[in-house]
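Visitor: Questions regarding the structure given below will be posed in turn.
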Amino acid sequence: MLQVPFIRENKELVVERLAKRNIDANQMVNDVLSLDEDRRRIQTSLDNILAESNTLSKEIGNLFKSGEAEKANLLKTKSGELKEASKELAESLNDTSEALKELLYKIPNVPNEVVPKGDSDEDNEEIFKEGDIPVLHDEALPHWELAKKYDIIDFELGNKITGAGFPVYKGKGAKLQRALINYFLDKNTEAGYSEFQLPHLVNEASGFGTGQLPDKEGQMYHVGEDNLYLIPTAEVPGTNIFRDVVLNEGDLPIGITGYTPCFRREAGSYGAHVRGLNRLHQFDKVEILRVEHPSKSYNALDGMVNHVKTILQELKLPYRILRLCGGDLGFTSALTYDFEVFSTAQDRWLEVSSVSNFETFQANRLKLRFKNSNGKNELAHTLNGSSLALPRVLAGILENYQTKDGVVIPDVLQGYTGFSIIN
RNA sequence: GGAGAAAUGGCAGAGUGGUCGAAUGCGGCAGUCUUGAAAACUGUUGAGGGUCACACCUCCGGGGGUUCGAAUCCCUCUUUCUCCGCCA
């Protein structure tokens, strides 16, 4: 959620930057400013009435003490009138504040200067590319065929137990999955992130805190009886650690990592692009999160990008980094880099990580602040990224590492799997 | 799931109708002393709104009510703790 004072002082900039997302924000911004003006005006009148009423109450108390009941009763009448007036104003203040909040919820984050304007993923900017695309043998298969051939992932069994998009990993498939999780967590903790195990269900307040609610309610699985939501990413429980928190400046930066399964309804998805592991309702992901001083958050973002790079380099997967254009940028993000692994057998790029700086957008809603050097509370910056999401990394490994004899396990993982080939 | 107790500032913990945004202690910050540090002493120290700045307003778990006036009384929800039951 954007801050009203920021919008007030940077109106042109906000409109101009939001245009990168192909949004004409002029009307919304004007509405915000006029609602805010209304709010302040009503608040002032209400405050005045309450002040008068407070003074009156004190006088009444004093009059009763000194035995002047008659005078006191006279003032009581007056106080009653003030109460009526304050009730009306309080209601109108509440309405105005709510309307303002509703509107603010609908305005996405202001993209960073370097975000390219654009409509869709076609307009994302490739900023880096590395790794050799392997030349596969003639009978190379897409990962869902390999999964079947070596009996390591059973999509039909998952279908039977739960439904489409809930695969069952078996044998070496399950072990490779666990190896990847451990490998990612180890890399992240080596880089200074401290490991957390987080709840997989969150309450409504947490959903609001990170912005999944109210906008993306339909994307999360909801447990109605207890009013809890299955997490779509560790970002939700992880970031909500810091809801309503005031940190000391010295606590920054904070980096945490955690492995969780992720649950996404993905309403409306279908077709060849969602085949196999490409898009699932339940998948595993290791996430990294940072809380940063505003002056350092973009350095931190670069650091996260480099960190994810080294992991993909070690796995020897061909990958590229995209700077997302305005049209593809997430609602809460100011700048996002996507990592894509080239999946040879499918002949397409698969997104395996998304690393973002949210600046104060999340912190404002979360009320995540730190005491700055002036002793003032200031909103912190939050960042997060996948490091990494499992299924498409797995797909990339299966497809790129396949040989006539089987799927070779990348060197760095062999210590974790305990085997060097799936055949 | 049953019975009881509780929820106050960064933490601990007073406060049961007006003088309470709230004693006291710890912690934090600034200063005195010291070569420096510690100790001791002095001062200062919640959040949000509002204002050029003050004034002023709101907040004592959430919501509602009683009252001229609520941290304090009533209702309700939530959470925590203790005991019992169940259980990986």
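Visitor: Could you tell me which residue out of A:Leu388, A:Gln346, A:Leu335 lies farthest along the dipole of the stretch A:280-423 toward its positive end? Charges go on the beta carbon: Lys and Arg +1, Asp and Glu -1, centred on the Cα centre.
Guide: Toward the positive end, the furthest listed residue is A:Leu335.
Visitor: Moving on to the next point. Between A:Asn203 and A:Lys316, take the C-beta separation as r, use R0 = 51 Å, and let me know the FRET efficiency to the nearest 0.05.
Guide: That gives a FRET efficiency of 0.75.
Visitor: While we're on this one: Specify whether the C-alpha gyration tensor of the stretch A:291-335 places it in the rounded, prolate or oblate class, a ≥ b ≥ c being the square roots of the eigenvalues: rounded for a/c under 1.5, otherwise prolate if a/b is larger than b/c and oblate if not.
Guide: Judged from the Cα gyration tensor, the stretch A:291-335 comes out oblate (a/c at least 1.5, b/c at or above a/b).
Visitor: Using only the Cα atoms, what convex hull volume per residue in Å³ does chain A have?
Guide: 175 Å³
Visitor: Quick one: compute the contact order of chain A, relative version, from alpha carbon pairs under 8 angstrom and 6+ residues apart, as a percent.
Guide: The value is 20 percent.
Visitor: Next question. Does the stretch A:167-233 classify as rounded, prolate or oblate by the C-alpha gyration tensor (a ≥ b ≥ c root eigenvalues; a/c under 1.5 gives rounded; else a/b over b/c gives prolate, otherwise oblate)?
Guide: Oblate, since a/c reaches 1.5 and b/c is not below a/b.
Visitor: Once the convex hull of the alpha carbons of the stretch A:18-73 is built, what does its volume come to per residue, in cubic angstrom?
Guide: Once divided by residue count, the hull of the stretch A:18-73 is 73 Å³.
Visitor: While we're on this one: Kirkwood hydrodynamic radius of the stretch A:1-116 from all distinct Cα pairs, in Å?
Guide: 17.1 Å
Visitor: Just the number, please: carbon plus sulfur as a percent of the accessible area of the stretch A:4-106, 1.4 Å probe, no ligands or DNA/RNA counted.
Guide: 50 percent
Visitor: Give the lysines whose C-alpha is closer than 26 Å to that of A:Lys149, dropping any in the same chain fewer than 8 places away, or say none.
Guide: A:Lys160, A:Lys170, A:Lys172, A:Lys175, A:Lys285, A:Lys316, A:Lys404
Visitor: Modelled label-to-label distance, A:Val135 and A:Glu190, 7 Å Cα→beta-carbon offset: nm?
Guide: 3.2 nm
Visitor: Which of A:Ala19, A:Pro5, A:Ser86 sits farthest toward the positive end of the charge dipole of the stretch A:4-106, with +1 on the Cβ of Lys and Arg and -1 on the Cβ of Asp and Glu?
Guide: A:Pro5
Visitor: Evaluate the distance, in nm, between pseudo-label points positioned 7 Å from the Cα of A:Asn73 and of A:Asp151 along their respective Cα→Cβ axes.
Guide: 9.5 nm
Visitor: Which FRET efficiency value, to the nearest 0.05, is calculated for A:Asp405 and A:Asp302 with the Förster distance at 30 angstrom and r the Cβ-Cβ distance?
Guide: 0.15
Visitor: Could you calculate the contour length gain from A:Gln43 to A:Lys170, that is, 0.36 nm times the residue separation minus the distance between their Cα atoms, to one decimal place in nm?
Guide: Stretched fully, the A:Gln43-A:Lys170 segment lengthens by 39.5 nm.
Visitor: List every residue whose amide H lies under 5 Å from the amide H of A:Lys285, counting only residues 5 or more places away in sequence or on a different chain, with H placed 1.01 Å from N in the peptide plane.
Guide: Amide H to amide H, under 5 Å and 5 or more residues apart or across chains, A:Lys285 pairs with A:Thr260, A:Cys262, A:Leu390.
Visitor: If you roll a 1.4 Å probe over the stretch A:326-423 with all protein chains in place, what percent of the accessible area is carbon or sulfur?
Guide: About 41 percent, which is the carbon plus sulfur part of the accessible surface.
Visitor: If I model a spin label as a point 7 Å beyond the Cα along the Cα-Cβ vector, how far apart are those points for A:Glu351 and A:Thr162 in nm?
Guide: Result: 2.1 nm between the two label points.
Visitor: Answer rounded, prolate or oblate for the stretch A:148-205, using the Cα gyration tensor with square roots of eigenvalues a ≥ b ≥ c: rounded when a/c is under 1.5, else prolate when a/b is larger than b/c, else oblate.
Guide: Judged from the Cα gyration tensor, the stretch A:148-205 comes out oblate (a/c at least 1.5, b/c at or above a/b).
Visitor: Counting only helical runs of four or more DSSP H residues, what would the 222 nm mean residue ellipticity of chain A come to if each run contributes -39,500 (n - 2.57) and the total is spread over all its residues?
Guide: Value at 222 nm, helices only: -13500 deg cm²/dmol.
Visitor: While we're here: With springs only between Cα atoms under 10 Å apart, run a GNM on chain A and tell me which of A:Ile23, A:Ile60, A:Ile127 wobbles the most.
Guide: Greatest mean-square fluctuation among the candidates belongs to A:Ile60.
Visitor: So which residue, out of A:Leu82, A:Leu280, A:Leu312, gets the largest mean-square fluctuation from a GNM of chain A using Cα contacts under 10 Å as springs?
Guide: Highest fluctuation of the listed residues: A:Leu82.
Visitor: Can I ask one more? Whole number in Å², please: accessible area per residue of chain A, 1.4 Å probe, ligands, DNA and RNA not counted.
Guide: Value returned for chain A: 48 Å² of accessible area per residue.
Visitor: Excluding same-chain residues fewer than 8 positions from A:Lys78, which lysines have a Cα within less than 30 Å of its Cα?
Guide: The qualifying lysines are A:Lys58, A:Lys65, A:Lys87.
Visitor: Let's see if you can work this out: charge +1 on each Lys and Arg Cβ, -1 on each Asp and Glu Cβ, no other charges. What is the dipole magnitude of chain A about its Cα centre, in debye to the nearest 20?
Guide: The dipole of chain A has a size of about 720 debye.
Visitor: For the stretch A:367-374, in order, what is each residue's ³J(HN,Hα) by Karplus, 6.51 cos²θ - 1.76 cosθ + 1.60 with θ = phi - 60°, in whole Hz (x at glycine and Pro)?
Guide: 6, 9, 10, 9, 7, 7, 5, 8
Visitor: To the nearest Å, what is the center-to-center distance of the stretch A:20-38 and the stretch A:274-326, using C-alpha atoms only?
Guide: 32 Å
The values are calculated or read from the model by the stated rules, or taken from the named source; none is laboratory data. Only a predicted model underlies this, so the values are computations on that prediction, with no experimental measurement involved. Glycine also receives a Cβ, built like all others from the backbone with ideal geometry; neighbour counts cover every protein chain displayed. Accessible surface areas use protein heavy atoms only, side chains included; no ligands, DNA or RNA. Shrake-Rupley method; radii C 1.70, N 1.55, O 1.52, S 1.80 Å.
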